[in-house]
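The next block holds one structure in the form of structure tokens; read it before the comments.
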Amino acid sequence: MSAVRWWIVVGAIALAWALPMQSVGCPQNAHYAGTRAIAHGTPNIDRYAEQTCDLVRYRGHYYAAKAPLLDFWSAPWYLVLHAVGAVPHDRNVGLGYPDAMVGVPLRAIWQIGLWAVVLPAVLLLFLVRRVADDVEPGTGTAVAVLLGLGTLVLPFSTLLFAHVPATMLLFAAFTLLFLRRSPPAAGICAGLAVATDFPLAIPAVLIGLYAAARSPRVRRVVEYALGGIVGLAPVWVYDTWAFGNPFHLGYAGTAGQGAAGGWQNTGFFGQSAPSFHIFVSLLLSQRGLLVLTPVLGLAAAGGVVAWRRGLRAEAGLVATLVVVELIWNSARHPTEFALGGWVPGPRFLIPLLPFLCVLLAPLVRRTPATVGVLGAVSIGAMTIATAAEPLLSNDDTHHWIARIADGNFAATILTLGGIGHGWLAILPFFAAVFVAVAAAIPRVSVPRSDLLTAAAAVVAWIVVEHGAPELLRVDGLVRQSWGAVAALLLVVGAGWAVARRRPEGLLLLPFVIGTFDRHTKWAVLLALAVVLLESARWLRSTGNTVLRPSTTSSVRRRSSGP
């Protein structure tokens, strides 16, 4: 793809990220409070404490319950805006939480996000394109579009959360190692990622183990670890400045405003025992990763292709990251906490997204129609969520459709001109998404078999989207796990039917029609039966394949006899 088309894609995606001005909330206001406090020379947010519930109280002062690097990074930009008189005044000052929280102007959060989130998100696109093109030449632009518009990166690039900037730094660490560059530099990037979002310590360690995939193994891991220590310097500096102790994290303290302002509310840093129900809900609830962005489900097939091509360390790393992150986040109780509160999807899984998208690169070439249709579904879902204000308090994703039907969209930069937040204000956002997608469509031949697979994939997604969330909802009502088991088997059966183009998958259609998905035990039996039928057929075909060489060999031996 030409450089001109790539820059059109980048510009359109960046514009789509930059246009919306989303509603305020505790996490965004906490970052804004931390940024202003640092800019004014103090680590505490006492002056802005009434504007957020994402804070802790320690020794008589309030602190943002956040890792500090994003606020350090944003402070100089805030000072520039302040110097030119572009910082709007807070409304509802002195009214206390939550009135003071909703009094923070949308423009105040939005203009900090341009520097703090949109810019790192653009860098993430370049990194993903570079790695994807190395995995499968010529697919990098398409993969970058899938990441930027067809995953949670889209809505969270319009919000002042730390997930996207931290993910960029984490993926930069992987990219440096993948391209056989400096392990110390990779370690610094990983340390900076943790300094931006503390939970990324786990994937940062796993990427450190990936550094040992090449020789000299011990030296590379040591260099990576030393770089990580350097990258954590902002944490040591802030903690010493704020608490007089470089190892006292900003999450430690008494939660403020009656909310869970840190990790210290339950268990070990908010963690308890992993929950199978939450594990499945992160993927298959109404806000689950595979329900809203089904194109990511193809990463499993992409991982198999990558493994067979010799990228075993990379495929193994991604598989490990997925399993570990799902188990870790399933230990956040209840499910709303595991999802991340008022969110359009499981925000703590955002660090996985660029790794999963890179595994789509081989499939863009092999099965472009299948990737295209599931990518279109994913881009459509994320575009709708972003346009209709993504921060949901529950699993009612149909709320977005209702808002669009009423012409009630998120505010955009055009809203500042007095045209409201209807269709006229949001149309440039939709146009930017359309331009990016149109410019990124690769010129590839589409096999007829891929068209059949694509049609089957859409049907499979409809079955899963209708059945799995309802099964999990029933589980929540009766406090059992049969629905979670059925939902997982449903995905396995539907996915296998698509991958192998097996007609047994049609037996799963009762999950779409009628109320079959409300009977969890019967659902388990049906989904299990489909999986067993598919397994038996696969074993039979595998057995025949294994037998053929021996039969041929015996024929050859007989024909070569005296």
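Quick one: in segment 207-220, of everything that is crowded, with 16+ Cβ neighbours inside 10 Å and either among the charged types (D, E, K, R) or over 11 Å from P184 (Cβ atoms) (or both), which residue is modelled with the lowest pLDDT?
Result: A212.
Restricting the search to segment 339-365, which residues are small (G, A, S) and crowded, with 24+ Cβ neighbours inside 10 Å?
Hits for segment 339-365 are G345, A361.
For segment 67-92, what are the residues that are in contact with an Asp or Glu (Cβ under 8 Å, 6 or more places away or on another chain) and surrounded by fewer than 17 Cβ atoms within 10 Å (Cβ to Cβ)?
N92 - this is the single residue of segment 67-92 that is in contact with an Asp or Glu (Cβ under 8 Å, 6 or more places away or on another chain) and surrounded by fewer than 17 Cβ atoms within 10 Å (Cβ to Cβ).
So, in segment 40-63, how many residues would count as being of a type in the set (G, A, S) and under 14 Å from A242 (Cα atoms)?
Selection size over segment 40-63: 2.
Can you pull out every residue in segment 420-455 that is under 25 Å from the mean Cα position of the chain (by Cα) and under 30 Å from R518 (Cα atoms)?
Residue satisfying the conditions is A454 alone.
Just the residues that are outside any helix (DSSP H, G or I) and free of Cβ contacts under 8 Å to residues at least 60 places away in the same chain, please, taken from segment 7-56.
H40, G41, T42, I45
Can you find a residue in segment 399-406 that is in contact (Cβ under 8 Å) with a residue 12 or more places away in the chain, in a loop (DSSP other than H, G, I, E, B) and surrounded by fewer than 24 Cβ atoms within 10 Å (Cβ to Cβ)?
no
Just give me the residues in segment 93-126 being of a type in the set (A, V, I, L, M, F, W, C), over 30 Å from the mean Cα position of the chain (by Cα) and surrounded by fewer than 17 Cβ atoms within 10 Å (Cβ to Cβ), in sequence order.
If the condition is that a residue be of a type in the set (A, V, I, L, M, F, W, C), over 30 Å from the mean Cα position of the chain (by Cα) and surrounded by fewer than 17 Cβ atoms within 10 Å (Cβ to Cβ), then V93, L95 are the ones that fit.
Across segment 384-398, what is the number of residues that are closer than 15 Å to F156 by Cα, touching a residue at least 60 places away in the same chain (Cβ under 8 Å) and surrounded by fewer than 21 Cβ atoms within 10 Å (Cβ to Cβ)?
2
For segment 407-419, give me each residue that is over 24 Å from W342 (Cα atoms) and either surrounded by 15 or more Cβ atoms within 10 Å (Cβ to Cβ) or within 24 Å of the chain's Cα centre (by Cα) (or both).
L414, the sole residue that qualifies.
Do we have A233 as over 17 Å from the mean Cα position of the chain (by Cα), closer than 30 Å to H248 by Cβ, surrounded by fewer than 18 Cβ atoms within 10 Å (Cβ to Cβ) and not β-branched (V, I, T) here?
Judged against the criteria, A233 is a match.
I'm trying to understand the selection: among the residues of segment 1-18, which are buried (at least 24 other Cβ atoms within 10 Å of the Cβ) and more than 17 Å from L127 (Cα to Cα)?
Result: A16, W17.
Could you say whether any residue in segment 106-123 is over 30 Å from R47 (Cβ atoms) and touching a helix residue (DSSP H, G or I) at 6+ places or on another chain (Cβ under 9 Å)?
Yes: segment 106-123 contains one or more residues that are over 30 Å from R47 (Cβ atoms) and touching a helix residue (DSSP H, G or I) at 6+ places or on another chain (Cβ under 9 Å).
For residues that are in a helix (DSSP H, G or I) and out of contact with any Leu (no Cβ under 9 Å at 6 or more places or on another chain), tally how many sit in segment 305-337.
So the count comes out to 11.
Output yes when any residue across segment 31-40 is more than 20 Å from V153 (Cα to Cα) and surrounded by fewer than 18 Cβ atoms within 10 Å (Cβ to Cβ), and no when none is.
Yes, because at least one residue in segment 31-40 is more than 20 Å from V153 (Cα to Cα) and surrounded by fewer than 18 Cβ atoms within 10 Å (Cβ to Cβ).
The values are calculated or read from the model by the stated rules, or taken from the named source; none is laboratory data. Because the structure is predicted, anything quoted here is derived from the model rather than measured. Ideal geometry is used to build each Cβ from the backbone, glycine not excepted, and the neighbour counts take in all protein chains shown.
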